[in-house]
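The structure appears right after this line, and notes come after that.
The values are calculated or read from the model by the stated rules, or taken from the named source; none is laboratory data. Keep in mind the model is a prediction, meaning the values are calculated, not measured. No Cβ is skipped: glycine too gets one built from the backbone with ideal geometry, and neighbour counts run over all protein chains shown.
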Amino acid sequence: MRSIRVWDLPTRLFHWLLVGSVIGMFITANVDDALSWHFRIGYFIASLLLFRVVWGLVGGYWSRFTHFRWSVQGFFRTLRGGLREPSHVGHGHAGTWSVVALLTVLGAQVTTGLFSDDDISMAGPLASLVDGEWVSRLTSIHKEVTKVGVLVLVLLHVGAIAFYAWRRKQNLVRAMVTGDHSLDEMPINTPASRDGWAQRALALVIWAACAAAVAGMVSRFG
């Protein structure tokens, strides 16, 4: 069995920080006097999503969007086969579209939150840019549509991980913790993701720039 580095440290940190942030987002949305933290967590998620978009272009080999498996036909073939795919490194067809769906819905959740208004004490920094009708509409979408979408996709994501562990005997969580993936039959020329300190420093700079952009937007319009 051969093992290679698949998920670089920035990708793994992004994943687990996003997990914690989504949990925090749901908790603070349902706790009295926690709405200010709900907004702060939303801003942090926005910085993470921006980072992941950039990292998908310049990050480790298997974190780049160009190395996702984008075939829609392959995705439906995987579903028909009970999530069974040939042994592979990185995201398979199901994993690719699961990630895309989750990032898209989370992006919609954060974006609508920027325009939302609770009519009591808190309003998104961009709420003043649109009229009241649109604020009301986007607030409803934020609370009733994208929120449910995020919850459903998270549950499907967790369910798929459990299914792979139970039926396919593949521990997907371990790979996202250690960064390494092992296969019995791995082509000798399978590339590993670069995960050195230079790569990590670049990721920190990119995230800092994304966080500064979000903070600047909040300061400018908030």
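Looking across Gly90, Gly24, Gly20, one residue alone is assigned to a helix (DSSP H, G or I), surrounded by 15 or more Cβ atoms within 10 Å (Cβ to Cβ) and not hydrophobic (A, V, I, L, M, F, W, C). It is Gly24.
Taken as a whole, the structure places Val105 among residues that are in contact (Cβ under 8 Å) with a residue 24 or more places away in the chain, touching a Gly at 6+ places or on another chain (Cβ under 8 Å) and assigned to a helix (DSSP H, G or I). The residue pairs whose first member lies in segment 67-88 and is of a type in the set (Lys, Arg), whose second member is modelled with pLDDT of 80 or more, and whose beta carbons are closer than 6 Å, counting only pairs six or more residues apart or on different chains, are Arg69/Gly92; Arg69/His93; Arg69/Thr96.
The numbered conditions (1) on the phi > 0 side of the Ramachandran plot; (2) modelled with pLDDT of 90 or more; (3) among the basic types (Lys, Arg) are all true for Arg137 except (1).
The single condition from (1) among the hydrophobic types (A, V, I, L, M, F, W, C); (2) surrounded by 14 or more Cβ atoms within 10 Å (Cβ to Cβ); (3) out of contact with any His (no Cβ under 7 Å at 6 or more places or on another chain) that Leu102 fails is (3).
Conditions (1) in a helix (DSSP H, G or I); (2) surrounded by 13 or more Cβ atoms within 10 Å (Cβ to Cβ), marked per residue:
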residue	(1), (2)
Phe44	yes, yes
Trp62	yes, yes
Trp70	no, yes
Thr78	yes, yes
Val135	yes, yes
Val148	yes, no
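Does Trp55 satisfy being within 22 Å of Gly179 (Cβ to Cβ), touching a strand residue (DSSP E or B) at 6+ places or on another chain (Cβ under 9 Å), in contact (Cβ under 8 Å) with a residue 60 or more places away in the chain and part of a helix (DSSP H, G or I)? Answer is no for this residue. Of all residues in segment 1-41, those that are under 20 Å from Leu155 (Cα atoms) and in contact with a helix residue (DSSP H, G or I) (Cβ under 8 Å, 6 or more places away or on another chain) total 13. Scanning segment 190-222 for residues that are among the polar types (S, T, N, Q), assigned to a loop (DSSP other than H, G, I, E, B) and either under 18 Å from Gly56 (Cβ atoms) or modelled with pLDDT of 95 or more (or both) yields a total of 1. All told, Ser36 meets the bar of being touching a residue at least 40 places away in the same chain (Cβ under 8 Å), surrounded by fewer than 15 Cβ atoms within 10 Å (Cβ to Cβ) and assigned to a helix (DSSP H, G or I).
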